[in-house]
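Here the structure is laid out as structure tokens; the discussion comes afterwards.
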Amino acid sequence: MAPSLEAPEPVEDVLSNPLKSAPKLVAPEPEHCPGPESETAGKADSCAGCPNQAICASAPKGPDPDIPAITARLSGIKHKVLILSGKGGVGKSTFTTLLAHAFATNPDSTVGIMDTDICGPSIPKMMGVEEETIHVSGAGWSPVWVLENLGVMSVQFMLPNRNDAVIWRGPKKNGLIKQFLKDVEWGEMDFLLVDTPPGTSDEHLSVNSFLKESGVDGAVMVTTPQEVALLDVRKEIDFCRKAGIKVLGIVENMSGFVCPKCTHQSEIFQATTGGGRALAKEMNIPFLGAVPLDPRIGMACDYGESFFDAWPDSPACTALRGVVRRVGEEMGLKPETVLPED
Amino acid sequence: MSLDKVKHIVLVLSGKGGVGKSSITTQLALSLSLAGHSVGILDIDLTGPSIPRLFGIESSKVTQAPGGWLPVPVHAANPAAGIGSLSCMSLGFLLRERGDAVVWRGPKKTAMVRQFLSDVLWGELDYLLIDTPPGTSDEHISLAEELLKNALPGQVAGAVVVTTPQAVATADVKKELNFCTKTGINVIGVVENMSGFVCPNCSECTNIFNSGGGEVMAEEFSVKFLGKVPIDPQFVMLVETGRRPKYPPGTQVNGHEMGTNGNVDYSTDVKDPGLLVEKYKICSLAPVFEAITKQVMAAVEAKAQGT
């Protein structure tokens, strides 16, 4: 086969049916095969006489039957926001926890975080609830409550030992994400933040298709300033466009570092191509702000504390408050209800 | 299999994203090449390939040859200077546009990993480094399965596991170490990346993401600790723009005096002429990696002889 990505699997089909797996074929796919997963599988002209015809024709097609149950379960949630980035380690989870803490400062709001990073869940540690387990009641699984109005769900709560590796292929990961949406008793909530792993694969496809019916407000893209990161974020924006997810805007994390000794500002991850701001402009999406690199944010995450409570006067905190307000604005909310001024 | 003429296979793994797997892979490769070895890099991060960008060969394409795909050359061997050849294979070379998303489910990724392992014509190689995406999922399972099935005895030397010092990162990396145990992959050692940052203005070292977390983790899991790699913005500049690294007087990195090699003018980002491998020699991280590479080579040789 020549090196080419001309997909035998059309992107639209992958996007609309993320859980469908290919039927087991008894013979190689013939020339002009419509694809064993396509809508016309087993029915196209080229299928006549193919030994796989009956298998392909009887494979399940169409939308997932569990989607109405998910939509019903999530009907009490007002706003759903995805936190995305093509790149790992740029601060998706950190930003998710900060956004959640910020939304939760308003005692009238209830906030939930769903951690869909199955192989590398970080939310429980950052929230200081790593040792918790899930309680199951008649109504479903209960999220782990960090504050009275801030609940979390993650695969970490289901592991017998905290260092256990979750060695799962795609379909199994999709199954768990479905359970998080279908079986967790989220209840009445103002915000559900969905933290994701890096990339554009199974987890993203399933989150998108499961939430499509119940409606997503949009996605916040997190990046760091250097082009190596922006390159992957570009791919994620491309994914959002293809999947029809609104991009609320780009946040640039780890943007500049002020030396604690001489207060000289260094660009550790240099924005050689203009950073998040230039990418936002290029892609025609809002730029939500830049958050400087502050070692105390990392420390707060390691100890499971809220950075907002621990260092309310730091420049990073001020920048983050600005970003949170901008996220609210892009969602069509009034800044003072999202994050009241002190 | 196309790996038949490859002497040693080394995986670069991490449970956490953005800790520097690709940057460590790049530097291991440069360092091995400077030690005179022929090196190949296989990038199996399908949805976020970084290797083409790090070597400044984003616009290169893979060519088809009888019997398989030809990897993209970075530089040829230069026996006079003691430099070994370096070539790469990545999904990035197969994309039409660099910003295109690769939206693939597990089975498609598995098929691609298989194809990368069986259809690339590496030729004679001393080392093949395999750069991976974060996590313990499709790509990793497929890689482990394929290598178990098809690699020659003693060929797979093991994995270099990369972490950053914070607890949030080591928590995920511990999962990767458990993955290695479960799949029978030998852990060559742990590298702690982004361990400290030397201010270019006052040469004060700040531990931005804390320090020492990787060493403690290695001890806990009884695996070798290969070393700490500090953050060097000059390395970022080198790979992003091709500019030769420059350091102000008095800069010390891991005890090495960097000295001054030119006027430190951060405003220019012109691409200096010359090969990346030549320019890397004066980067502060080169001696750091020389030490790490020596340990990796020793471990690899020991493993190859033991079987």
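The values are calculated or read from the model by the stated rules, or taken from the named source; none is laboratory data. Quick caveat, the model's predicted, so the values are computed rather than measured. Please note: Cβ atoms are built from the backbone with ideal geometry, for glycine as well, and neighbour counts cover all protein chains shown. Accessible surface is based on the protein model in full, side chains and every heavy atom, while ligands, DNA and RNA are left aside. Shrake-Rupley method; radii C 1.70, N 1.55, O 1.52, S 1.80 Å.
Just a few scattered comments:
- Fluctuation leader among A:Arg169, A:Arg277, A:Arg325 - chain A, Gaussian network, Cα springs under 10 angstrom: A:Arg169
- Accessible area of segment A:128-195 belonging to carbon and sulfur atoms, whole % at 1.4 Å probe: 49 percent
- Chain A: most fluctuating residue of A:Thr200, A:Thr96, A:Thr272 per GNM, C-alpha cutoff 10 Å: A:Thr272
- For the peptides A:215-228, B:235-248, the ranking by packing is A:215-228, B:235-248, with the highest mean count of neighbouring Cβ atoms within 10 Å listed first.
- Charge-dipole axis of segment A:68-193 as Lys and Arg at +1 and Asp and Glu at -1 on Cβ define it, positive-most pick from A:Val111, A:Thr96, A:Val146: A:Thr96
- Antiparallel bridge percentage (DSSP; both residues within segment A:75-337; nearest 5): 20 percent
- Normalised per residue, the accessible area of segment A:183-326 is 34 Å², obtained with a 1.4 Å probe and no contribution from ligands, DNA or RNA.
- Note on A:192-205: average number of Cβ atoms from other chains within 10 Å of each residue's Cβ is 5.
- Taking every DSSP beta bridge that has both ends in the protein assembly as shown, the antiparallel portion is near 25%.
- When +1 charges are put on Lys and Arg Cβ atoms and -1 charges on Asp and Glu Cβ atoms, the dipole computed for the protein assembly as shown relative to its Cα centre reaches about 980 debye.
- Inter-chain neighbour count for A:122-130: the average number of beta-carbon atoms from partner chains within 10 Å of each residue's beta-carbon is 2.
- Probe 1.4 Å, accessible area per residue of segment B:6-306, Å²: 34 Å²
- Among beta bridges from DSSP that stay inside chain B, the antiparallel ones total about 25%.
- Overall, segment B:48-192 carries a charge dipole of about 300 debye about its Cα centre when +1 sits on the Cβ of Lys and Arg and -1 on the Cβ of Asp and Glu, all other atoms neutral.
- Translational D in µm²/s for chain A (Stokes-Einstein at 20 °C, 1.002 mPa s, Kirkwood Rh from C-alpha pairs): 100 µm²/s
- Its residues counted as N, segment B:6-306 yields a C-alpha radius of gyration over 2.2 N^0.38 Å of 0.97.
- Averaged over peptide A:168-176, the number of partner chain Cβ atoms lying within 10 Å of each residue's Cβ comes to 4.
- Less than 5 angstrom separates the built amide H of A:Gly88 from those of B:Gly18, all sequence-distant by 5 or more or on a different chain.
- When chain B is treated as a Gaussian network with alpha carbon springs shorter than 10 Å, the biggest mean-square fluctuation among B:Pro66, B:Pro107, B:Pro273 belongs to B:Pro66.
- Accessible surface of chain B [probe 1.4 Å, protein heavy atoms]: carbon and sulfur percent: 52 percent
- Per residue of chain B, the DSSP helices (runs of n ≥ 4 H) give a summed -39500 (n - 2.57) that works out to -10500 deg cm²/dmol at 222 nm.
- Whether the protein assembly as shown is rounded, prolate or oblate, judged on the alpha carbon gyration tensor where a/c under 1.5 counts as rounded: oblate
- Pairwise burial A:B, computed as accessible area of each alone minus the pair, summed, 1.4 Å, Å²: 5800 Å²
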